[in-house]
Amino acid sequence: MNIDHFRCAVCGGAVGPREVRQPLFRCPGCGACYRSNYRQAMRWSLLLTLALWLGVTLVAALLSEAWPRVLLLSLELGLISSLFLGMLIHRLLLRVRPER
Ligand SMILES: [Zn+2]
């Protein structure tokens with residue numbers, strides 16, 4: 001889900017990304033109430049990405065004889081790829097539901 005272009009399910013009006021990041025927000029057009037798990041999804045994506053990055057780095061360092069090179073590669077490429085993976089996981093976990 002892309003919250004930068006969130007549209008209200010009731011009236012179709014655009015809701016700003018700052019509002020959608022709040023746990024509970026209202027559509028400025030019709031007042032429909034929504035619940036967002038933005039912060040929980042952010043926490044889970046950070047934890048999953050960090051665990052995966054550390055796990056891959058540890059396994060590669062243990063299996064390779066050139067572990068200093070593995071650590072250097074992990075810091076250079078691993079951090080960048082982890083950043084993109086974390087953004088992808090966050091988008092997959094993000095849910096915005098109408099509040100009843
Ligand atoms: Zn609306």
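Some points to look at:
- Euclidean distance of C-alpha centroids, segment 7-30 and segment 41-67, integer Å: 36 Å
- Panel values: segment 39-93, Kirkwood radius from alpha carbon pairs, Stokes-Einstein at 20 °C and 1.002 mPa s, translational diffusion coefficient 185 µm²/s.
- Cβ-based net charge around VAL56, under 15 Å, with every Lys or Arg adding one and every Asp or Glu removing one: 0
- Value of D in µm² per second that Stokes-Einstein yields for the chain, Kirkwood Rh from Cα pairs, at 4 °C (1.567 mPa s): 84 µm²/s
- With 0.36 nm allotted per residue and the present C-alpha distance subtracted, the ARG100-GLU19 stretch has 27.4 nm of extension available.
Just so you know, all these numbers are worked out from the coordinates, no wet-lab data involved. What you see is a predicted model, and the numbers here were worked out from it, not measured in a lab. Note that we place each Cβ from the backbone using ideal geometry, even for glycine, and neighbour counts take in every protein chain shown.
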